[in-house]
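This is the structure I want to talk about, given as structure tokens.
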Ligand code: ADP
């Protein structure tokens, strides 16, 4: 597999080469269409002004004059009607020129060698140091016919400025390639880091380090990757804690049951002890059954919305019926229970919402003080309903409030330790409320009481 680094360098350098070729072809077309004819007519004008001067000044020393012209940057070839020829200035690389062309010019015509120079030579035709690549013009000197072939001496005209631009181009290309090689390394490095971070994540190592200070897409990606890693780590922690909690909560009633059944096998125990042990075993079994029921409910709630069987029902009526079923327990604990539950219709899953009220009411009884009170209210507002469960129980401190909806969390006070519970009730309540797009808030003062406020939207009605 080619690395991204190599690919990037190859693609960038490839693009540079391709764009140079395209630029060359475009500038070549421009040369052929525009510059070549312009150059041809410019040189023709120069040639004509040279010959005009010779024609008008018959006393001019031809040799000296042509020498002078060549010294200002031209290559010249002159032939007379007798076939005598001479060269001035730098020599041509290729001196061949058909006799017909020489005769054509001697007969008074102009030869446009620059304009007609073959197209295939591209822009380099401009540099071709050939006698064919000249302008030919006739002139007469001392009543003798001549043909003058002239072209600029490119080598001489290519002065320091041209060289400077040449080097500039070479350095630009060279430095761009070097910079592409290094900058690509800088660009690709975070991707390699992300790859190795992904690998270590898949091996269960969540403590990955990435550069999140970059202000570009890669910085954003690293940032999201890190927050994903943190979430995965939290989920992993929750999973581990969940498993260890379940194992503990299942293990302790099981070992109690095992211990008491062993004691029951002992023939020497009294009838009273026997009844006591059977009752303990019975309690442990119902604790286990309660735990598995709650776990099954949580598992199905975790699957999401599709378990909801929503319909419209009277929520005030529902809570009143629940209160009635708890009346004996409330009386037994000596708790005063009052409620304001008007008839309000909501759209939701009646069975799951009943589980919510059941948990909140049983907690308000469980964690209340003897002779305490519970107040339940239902209030309908424009967009939602509010159900409040207020007790005068043991209350919660701020640390406990923060964790109260966590799975298996139980506030560890001397009071709660003696009360039966799994620590799953409120997390079930929270999940059901969230599935109904609602919210739940807790207000509590330690040793004074707690109030749970459930808000459910009416919009689905
Ligand atoms: P549990 O089975 O222990 O009742 P919950 O999830 O219903 O589990 O409650 C979690 C913990 O929150 C309880 O163990 C208790 O410490 C605390 N709690 C819940 N309701 C109340 C309340 N009304 N007053 C005081 N503490 C409460």
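The values are calculated or read from the model by the stated rules, or taken from the named source; none is laboratory data. A quick note: this is a predicted structure, and the numbers were derived from the prediction, not measured. Here Cβ is always computed from backbone atoms with ideal geometry, including for glycine, and neighbour counts include all displayed protein chains.
Quick check on my filter: what residues within the stretch 435-448 are in contact with a helix residue (DSSP H, G or I) (Cβ under 9 Å, 6 or more places away or on another chain) and more than 11 Å from residue 387 (Cβ to Cβ)?
Step one: list which residues in the stretch 435-448 are in contact with a helix residue (DSSP H, G or I) (Cβ under 9 Å, 6 or more places away or on another chain), which gives 435-436, 438-440, 442-444, 446.
The answer is 435, 436, 439, 442, 443, 444, 446.
Residue 156 - would you say it is in contact (Cβ under 8 Å) with a residue 60 or more places away in the chain, within 28 Å of residue 39 (Cβ to Cβ) and in a helix (DSSP H, G or I)? Let's see the steps before the verdict.
Numbers: in contact (Cβ under 8 Å) with a residue 60 or more places away in the chain: yes; within 28 Å of residue 39 (Cβ to Cβ): yes; in a helix (DSSP H, G or I): yes.
Spelling it out, residue 156 is indeed in contact (Cβ under 8 Å) with a residue 60 or more places away in the chain, within 28 Å of residue 39 (Cβ to Cβ) and in a helix (DSSP H, G or I).
Moving on. From 297, 341, 337, which residue is within 28 Å of residue 384 (Cβ to Cβ), at pLDDT 90 or above and outside the structural domain of residue 432 (by TED's automatic domain parsing)?
Values: 341 fails: outside the structural domain of residue 432 (by TED's automatic domain parsing); 337 fails: outside the structural domain of residue 432 (by TED's automatic domain parsing).
Testing whether each residue is within 28 Å of residue 384 (Cβ to Cβ), at pLDDT 90 or above and outside the structural domain of residue 432 (by TED's automatic domain parsing) leaves just 297.
Another question, if that's okay. Out of 330, 356, report the one residue that is within 49 Å of the chain's Cα centre (by Cα) and crowded, with 16+ Cβ neighbours inside 10 Å. Steps first, answer last, please.
Details: 330 fails: within 49 Å of the chain's Cα centre (by Cα).
Just one listed residue meets the conditions, 356.
Related question: Restricting to the stretch 355-371, name every residue that is under 17 Å from residue 318 (Cβ atoms) and within 10 Å of the ligand (Cβ to nearest atom).
Filtering the stretch 355-371 for residues under 17 Å from residue 318 (Cβ atoms) gives 355-362, 364.
Listed by number, the residues that qualify are 359, 360, 361, 362, 364.
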